[in-house]
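The values are calculated or read from the model by the stated rules, or taken from the named source; none is laboratory data. Everything numeric in this text was worked out from a predicted model, so none of it was measured. Here the Cβ positions follow ideal geometry from the backbone for every residue, glycine too, while neighbour counts run over all protein chains shown. These accessible areas exclude ligands, DNA and RNA; they are computed on the full protein's heavy atoms, side chains included. Shrake-Rupley method; radii C 1.70, N 1.55, O 1.52, S 1.80 Å.
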Amino acid sequence: MTPALVLLGSMLLFWVSFVMVVMLPTWTLPDQPSAIWRPLTAAEQRGRALFIANGCTYCHSEYIRPQDWDLGAERIAQPGDYYQQFPHLLGAHRSGPDLSQEGGEHPDDWHLAHFTNPRFTRPLSFMPQFSFYGRAQLTDLTAYVQSLSGTDADFRVARQLQWNAPAVAAYQSGADANVAWLHNHVPAEWRKMPNMYPPTPATLARGERIYQTFCTGCHGPVGDGQGPAAPYLNPQPLNFTALRRNLADGKYLGGIFYYQIMNGITGTDMPYFRKELESTKIWDVGQYVMSNFVGYSDYDLRRDKIDAANEMPLSGTTGRLTP
């Protein structure tokens, strides 16, 4: 094989690939907006420029493919979602989560804490911090991220704002009123459901690891709601150490914690974890919080009720930390 033939074959392969990957999609993709598309505002455009300038697309894609459905996507991306957006920021690498549907998944103040230092909200994140930017630039960057997913994102953002006002009012009414407001939005069947798993050393160790991975940035290492993200958040994260006085005969926290961890609390900075944590892990982290911060577990409550009735006590270990 001569050098000229190798060169000719290489050039032919390059141009065939270029036509298939670049030219053919350009010729065939529809040039019209999708059902969720809307133009970006001036603040969102400035935020997009910051997103590009900092190379965010190198780690965060903005494109859900059909084969990505197992990641929990709400909607498969369509070409019209990116109408009039140049350059396209689809990305191919996902060191961080895909952001195509990020808009409205968290309130603005969560993003402010996250951009200031990602470890504030995600303790294991390796994303660089953007604290070198001023508040105005971080606000623009947040505006762009909150726009991702178009009108679907607008609906989620509006829902966060709608629920934020009563959540803040409940927090400002005092700890007991806040807990009552939070718990009253949990369905009755969940409020009556105890954690049926005893707090063994194994379950508590798993719960501690999960808490450190997902929760300590907001709720703090000792569960007092004073993690590093807390100064940025409104309302403040829940103080678990003050919950014991809210316990009453026949009232459990296991099901309440499970429901709130699984579904999040709209209007606050408590996100849902149903796409990241399977059922057993949610029970384990709830058990860890009850046993180590509240100072009492559902297992203790059920044991005390049986003891009070002079019945045979339940077998198993207890995670009670205080008498």
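From (1) modelled with pLDDT of 95 or more; (2) farther than 18 Å from ALA53 by Cα, pick out the condition that doesn't hold for ASP140. The failed condition is (2). Checked against (1) crowded, with 16+ Cβ neighbours inside 10 Å; (2) within 20 Å of SER279 (Cβ to Cβ); (3) of a type in the set (A, V, I, L, M, F, W, C), ALA202 passes all but condition (1). Residues that are open to solvent by less than 90 Å² (accessible area, probe 1.4 Å) and either of a type in the set (D, E, K, R) or outside any loop (DSSP other than H, G, I, E, B) (or both) within the stretch 67-87 comprise ASP68, ARG75, PRO79, GLY80, ASP81, TYR82, listed in sequence order. Out of PRO194, PRO128, PRO198, PRO221, one residue alone is outside any helix (DSSP H, G or I) and farther than 28 Å from TYR252 by Cβ. It is PRO128.
Tallying residues that are free of Cβ contacts under 8 Å to residues at least 60 places away in the same chain and either in a loop (DSSP other than H, G, I, E, B) or surrounded by 22 or more Cβ atoms within 10 Å (Cβ to Cβ) (or both) within the stretch 115-125 yields 2. The residue list ASP307, ASP300, ASP284 contains one member that is at pLDDT below 90 and open to solvent by less than 10 Å² (accessible area, probe 1.4 Å), which is ASP300. Of the candidates GLU208, GLU189, the single residue that is surrounded by fewer than 20 Cβ atoms within 10 Å (Cβ to Cβ), more than 23 Å from the chain's Cα centre (by Cα) and assigned to a helix (DSSP H, G or I) is GLU189.
Within the stretch 57-66, the set of residues being surrounded by fewer than 17 Cβ atoms within 10 Å (Cβ to Cβ) and of a type outside the set (D, E, K, R) comprises TYR58, CYS59, PRO66. Return yes when SER95 is assigned to a loop (DSSP other than H, G, I, E, B), closer than 22 Å to GLU276 by Cα and open to solvent by less than 60 Å² (accessible area, probe 1.4 Å) and no when it is not. Yes: the conditions hold for SER95.
Got at least one residue in the stretch 126-146 being closer than 25 Å to LEU277 by Cβ, surrounded by fewer than 19 Cβ atoms within 10 Å (Cβ to Cβ) and either among the hydrophobic types (A, V, I, L, M, F, W, C) or free of Cβ contacts under 8 Å to residues at least 60 places away in the same chain (or both)? Taking every residue of the stretch 126-146 in turn, at least one turns out to be closer than 25 Å to LEU277 by Cβ, surrounded by fewer than 19 Cβ atoms within 10 Å (Cβ to Cβ) and either among the hydrophobic types (A, V, I, L, M, F, W, C) or free of Cβ contacts under 8 Å to residues at least 60 places away in the same chain (or both).
Yes/no matrix, rows are residues, columns are (1) farther than 13 Å from TYR144 by Cα; (2) out of contact with any Pro (no Cβ under 8 Å at 6 or more places or on another chain); (3) of a type in the set (Asp, Glu); (4) loosely packed, with under 10 Cβ neighbours inside 10 Å:
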site: ALA4; (1), (2), (3), (4): yes, yes, no, yes
site: MET23; (1), (2), (3), (4): yes, yes, no, no
site: SER34; (1), (2), (3), (4): yes, no, no, no
site: ALA49; (1), (2), (3), (4): no, yes, no, no
site: GLY55; (1), (2), (3), (4): yes, yes, no, no
site: LEU89; (1), (2), (3), (4): no, yes, no, no
site: ASP109; (1), (2), (3), (4): yes, yes, yes, no
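The residues of the stretch 34-67 that are closer than 17 Å to GLU102 by Cβ and among the basic types (Lys, Arg), listed by number, are ARG38, ARG48, ARG65.
Within the stretch 1-29, residues that are under 15 Å from PRO79 (Cβ atoms) sit with their Cβ atoms under 7 Å from residues that are open to solvent by less than 100 Å² (accessible area, probe 1.4 Å), at 6+ positions apart or across chains, in these pairs: LEU29/PRO79.
Among the criteria (1) under 26 Å from LEU161 (Cα atoms); (2) assigned to a helix (DSSP H, G or I); (3) touching a residue at least 24 places away in the same chain (Cβ under 8 Å); (4) open to solvent by 20 Å² or more (accessible area, probe 1.4 Å), the one ALA177 does not fulfil is (3).
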